[in-house]
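First the structure, in the form of structure tokens, and then the observations on it.
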Amino acid sequence: MSDQNKQFQSVLIANRGEIACRIIRTLKDLGLRAIAVFSEADRNAPHIRLADEAIFIGASPAAESYLNIENIINAAKISGAEAVHPGYGFLSENAEFAQACDAADLVFIGPSVTAIRLMGDKAEAKRHMLGAGIPLLPGYQGEDQDDESLLKAAKTTGFPLMVKAAAGGGGRGMRLVTKAKDLPHSITDARSEALSSFGSDTLILERAVTRPHHVEIQVFGDSHGNIIHLGERDCSVQRRHQKVLEEAPCPVMTDALRERVGQAAVKAAQSVNYVGAGTVEFLLDDSGEFFFLEMNTRLQVEHPVTEMVTGLDLVALQIRAAQGEALGLSQDDVSICGHAIEARLYAEDPSQDFLPALGQIQHLSLPAGVRIDSGVETGSEISPYYDPMIAKLIAAGPDRETARRRLIKALEAVVLFGLRTNRQFLIKALSRDQFISGEATTAFIAETFTAEDLTASSLSNEIAAMAATAHVLALRSQQFAAIPSEILGWQSASPLVHPFQYEDHRLELICRGPQRFLVTCGAEEFEINCLHWSNATASFDVNGRRKSIAWHLPNPAEICIQSGADDFHLTNILARPKRSAEVAGEGDIRAPLHGALVDIFVKTGDIVKQGDRLAVVEAMKMQHDILADMAGTVEDIFAATGAQVAANAPLFNLKT
């Protein structure tokens with residue numbers, strides 16, 4: 001489509017979740033028509049209601065919906081869309097999709113097919129950047145992809161090194177290898193994950209910098225030859241090579257270094273005649289040297305921190321560039337004001353190696369006072385088909401410390417029941433001395449978090465007492481809603497006593513009035529008076545001190561409690577229904593989550609050691625090792641390679 005014909009009034013968003021909601025907001029601000037697409041799993045998703053129109057594009061698996069080019073192009077034709085915004089992930093960096101949009105006379109809100117294809121192949125991109133004079137780490141980007149070639153190249157590159165999917169990003173198809181003996185299976189695993197995620201098993205090798213800052217430069221280009229950068233973001237806090245906290249500006253960046261890195265990023269974009277939003281990623285070592293990693297030819301997940309410190313709407317700039325207009329900005333017009341930090345709130349269990357937590361959000365309340373980008377709500381399902389992000393919380397302030405404190409307060413105010421999240425982990429990360437000082441590198445989580453740090457908080461007697469009080473009040477509100485509050489808890493003789501046992505906390509709660517209780521837990525006593533009660537929150541006077549909690553009652557025997565950074569899912573053992581004994585124990589190996597059993601490494605009769613890899617389960621395009629929890633003999637295998645397995649489904653039985 002020629003530049004003069006690029007004006008459009010309607011945009012189809014080829015995406016879902018929080019990024020679809022975010023793009024729709026800007027489209028509405030610009031007076032443009034927003035068209036959503038949705039899969040079977042997303043029939044009730046918020047982005048559908050926000051859009052002016054929504055088109056069904058297929059079954060829940062992404063390959064049949066959000067990755068199905070034909071279905072999305074057909075949806076654009078049906079809806080009368082004139083342009084397509086790909087968001088990030090899915091087809092956002094797929095050259096064939098951009099080409100299909102061009103062929104269908106749709107404006108693709110992104111760079112050219114040539115730029116996408118060149119930068120989407122990490123090996124080709126590195127060869128191109130070497131020719132453009134952009135600094136690179138030593139590595140291998142060759143076309144020979146057999147094991148022997150890769151193993152030989154690794155000896156030249158040296159260890160530690162990174163094995164990476166040439167066609168990918170987002171931490172998928174990536175392995176850190178510190179010893180030569182670990183390289184063969186890392187290559188096998190990376191190939192498998194890369195093929196599943198990106199349809200290509202081509203790999204590159206790259207010398208690993210063990211404690212770098214991961215710094216990326218936001219660039220923007222237009223079809224008139226203008227290319228500028230909007231400063232940098234620090235994305236060093238990562239786990240499994242996926243970003244957790246992002247901030248702008250980078251806390252270790254100097255003005256002189258920003259000028260050098262910014263010029264390199266602009267030079268990289270100029271070398272491919274870049275149009276639209278893009279991000280050039282670098283590793284920054286402690287000497288101030290930087291090395292090109294990759295260029296993302298799309299909007300980044302963490303773009304809000306740049307918006308917060310520049311005052312610019314990056315989606316609006318994307319649309320301006322896609323319509324063939326000049327950006328209307330020069331490099332001198334760009335200024336950085338204050339500081340912004342983003343936290344990615346995920347449905348995942350940090351104590352289980354951050355495995356996704358699937359299921360229904362039973363209650364969600366997000367705080368005011370910070371920017372929230374989210375695509376879910378109370379009642380939403382976190383399914384095995386897509387990324388388990390709940391929300392992005394972005395706090396800004398005149399300085400980094402103010403932004404950091406505001407973000408912690410906002411995370412403490414998030415209330416979510418029904419699923420495990422990384423909320424407490426995020427608060428801990430933001431509170432670590434290494435992060436506070438701005439010295440967190442990509443090794444931050446591995447170096448500063450122990451397994452104990454990632455476990456759930458210990459239940460104190462005081463929180464147990466508040467939980468028991470809330471439990472009684474919640475049951476009353478359900479069972480006696482029609483009874484006047486002044487006679488609730490009334491008794492004619494001896495005091496009414498409620499026994500509870502949460503974990504190893506044995507409690508007795510004595511009713512002293514409609515909303516007053518004496519709670520004993522071991523040797524401690526708590527005088528608790530309910531000051532405020534609603535269907536999700538409560539305030540108590542506890543021994544003369546005011547305390548606030550959030551609560552949720554999944555069933556009469558269980559209660560979920562949140563107090564500040566701590567949250568607990570508690571079961572009153574004394575009220576739990578009796579059930580037959582479950583067949584479980586050591587050697588009973590079960591699936592940690594819903595997914596596909598992509599590989600099995602043992603057969604019946606094999607002898608294994610504790611920690612041996614038994615299988616690999618793939619979910620959300622990430623692969624998770626299934627390990628033996630004891631030494632023994634494989635007695636039973638309950639599933640076959642390629643099978644879909646449910647969370648907690650039996651996989652293996654080991655016997656000593």
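Straight-line cross-link reach from Lys609 at under 23 Å between alpha-carbon atoms covers these lysines, not counting any fewer than eight positions away in the same chain: Lys179, Lys181, Lys655.
For the chain, with the dipole built from +1 on Lys and Arg beta-carbon atoms and -1 on Asp and Glu ones, taken about the Cα centre, which of Gln263, Ser92, Leu118 lies farthest toward the positive end? The residue sitting most towards the positive pole is Ser92. Using the Cα coordinates of the chain, the gyration tensor eigenvalues translate into equivalent-ellipsoid semi-axes of 45, 31, 25 Å, sorted from longest to shortest. Expressed as a whole percent, the proportion of Cα-Cα pairs in the range 17-128 lying more than 26 Å apart is 18%. Toward the positive end of the charge dipole of the chain, with +1 on the Cβ of Lys and Arg and -1 on the Cβ of Asp and Glu, the farthest Cα among Asn44, Ala410, Ile607 is that of Ala410. Across the range 526-541, computed HN-Hα scalar couplings (Karplus, 6.51 cos²θ - 1.76 cosθ + 1.60, θ = phi - 60°) run 10, 7, 10, 10, 7, 8, 8, 9, 9, 7, 8, 9, 8, 10, 10, 8 Hz from first to last residue, x flagging Gly and Pro. Placing unit charges on the Cβ atoms only, positive for Lys and Arg and negative for Asp and Glu, gives the chain a dipole magnitude near 860 debye about its Cα centre. Rg and Dmax of the range 588-655, based on Cα coordinates, read 10.8, 32 Å.
Are there GluC sites (Glu not before Pro) in the range 63-170 that DSSP marks as loop and that have at most 16 other Cβ atoms within 10 Å, and which are they? If you can, show how the numbers build up before the last one.
Values: sites: Glu64, Glu70, Glu82, Glu93, Glu96, Glu124, Glu143, Glu148; in loops: Glu82, Glu93, Glu143.
When the GluC sites (Glu not before Pro) of the range 63-170 are filtered for loop state and at most 16 Cβ neighbours within 10 Å, Glu143 remain.
Karplus-based coupling profile of the range 276-281, in residue order and whole Hz: x, 8, x, 9, 9, 9, with θ = phi - 60° in 6.51 cos²θ - 1.76 cosθ + 1.60 and x standing for Gly or Pro. Where only DSSP H runs of four or more residues are counted, the chain gives -7500 deg cm²/dmol as its mean residue ellipticity at 222 nm, each run worth -39500 (n - 2.57).
Axis of helix 461-479 versus longest Cα principal axis of the chain: the two differ by about 80°, to the nearest ten degrees. Among Ile607, Ile394, Ile228, sorting on how many other beta-carbon atoms sit within 10 Å of each Cβ, with the fewest leading, yields Ile607, Ile228, Ile394.
Listed from fewest to most Cβ neighbours within 10 Å, the set Ser112, Ser457 follows the order Ser457, Ser112. Against the chain, whose longest principal axis is taken from its Cα atoms, helix 147-157 shows a tilt of about 90°.
Shape call for the range 332-393 from the C-alpha gyration tensor, a ≥ b ≥ c root eigenvalues: rounded (a/c under 1.5), prolate (a/b greater than b/c) or oblate? Prolate shape, in that a/c is at least 1.5 and a/b is the bigger ratio. Quick one: of Lys164/Lys428; Lys392/Lys428; Lys6/Lys122, which pairs are farther than 23 Å apart, Cα to Cα? Over 23 Å apart, Cα to Cα: Lys164/Lys428; Lys6/Lys122. The H on the amide N of Val37, modeled in the peptide plane, is under 5 Å from the matching H of Ile13, Asn15, Ile55, each at least 5 residues off or on a different chain.
With only alpha-carbon atoms in the gyration tensor, what are the semi-axes of the equivalent ellipsoid for the range 213-454, in Å, largest first? Don't skip to the answer; put the middle values down first.
Details: eigenvalues 189, 87, 54 Å².
They are 31, 21, 16 Å, listed from largest to smallest.
Classify the range 461-575 as rounded, prolate or oblate, taking a ≥ b ≥ c as the square roots of the eigenvalues of its Cα gyration tensor: rounded when a/c is under 1.5, otherwise prolate if a/b is larger than b/c and oblate if not. Cα axes put the range 461-575 in the rounded bin.
In order along the range 136-144, the Karplus-derived 3J(HN,Hα) couplings, from 6.51 cos²θ - 1.76 cosθ + 1.60 at θ = phi - 60°, round to 10, 7, x, x, 10, 10, x, 7, 6 Hz, and Gly and Pro are given as x.
The per residue volume of the convex hull around the alpha-carbon atoms of the range 58-98 is 70 Å³. Distant-in-sequence amide contacts of Ala643, defined by a placed amide H-H separation under 5 Å and a gap of 5 or more residues or a different chain, comprise Leu597.
Please compute one quarter of the surface area of the Cα convex hull for the range 75-117 and express it in square nanometres. Don't jump to the answer; show the numbers that get you there.
Details: hull surface 11.1 nm².
That works out to 2.8 nm², a quarter of the Cα hull's surface.
Close amide H contacts of Ala45 (hydrogens built in the peptide plane, cut-off under 5 Å, sequence separation of 5 or more or a different chain): none are found.
Size descriptors for the range 22-61, from the alpha-carbon set: Rg then Dmax equal 10.6, 33 Å. Taking other C-beta atoms within 10 angstrom as a stand-in for reagent exposure, Ile48, Ile109, Ile319, Ile341 fall in the order Ile48, Ile319, Ile341, Ile109, fewest first. Helix 122-131 and the longest principal axis of the C-alpha atoms of the chain enclose an angle of approximately 50°. Could you give the distance between the Cα centres of the range 27-100 and the range 236-293, to the whole Å? After rounding, the separation between the Cα centres reads 30 Å. Selection among Cys250, Leu430, Ile549 by position relative to the dipole of the chain gives Ile549 as farthest towards the positive end (Cβ unit charges, Cα centre). For the range 135-254, treating each Cα as an identical point scatterer without solvent, what Debye log10 I(q)/I(0) comes out at q = 0.10, 0.17 1/Å? Summing over Cα pairs of the range 135-254 leads to -0.38, -0.92.
Shape of the range 138-207 from its Cα gyration tensor (a ≥ b ≥ c, root eigenvalues): rounded if a/c is under 1.5, otherwise prolate when a/b > b/c, or oblate? Walk me through the numbers before you get to the answer.
Numbers: a/c = 1.64, a/b = 1.46, b/c = 1.12.
Because a/c hits 1.5 or more and a/b exceeds b/c, the range 138-207 counts as prolate.
What fraction of the DSSP beta bridges in the chain is antiparallel, stated in percent and rounded to the nearest 5? Walk me through the intermediate numbers first.
Numbers: 120 of 135 bridges.
So the antiparallel bridges amount to about 90 percent of the total.
Bear in mind that the values in this text are calculations on the coordinates, not laboratory data. Model, not experiment: these values are computed from the prediction. All Cβ positions, glycine included, derive from the backbone under ideal geometry; neighbour counts span all protein chains shown.
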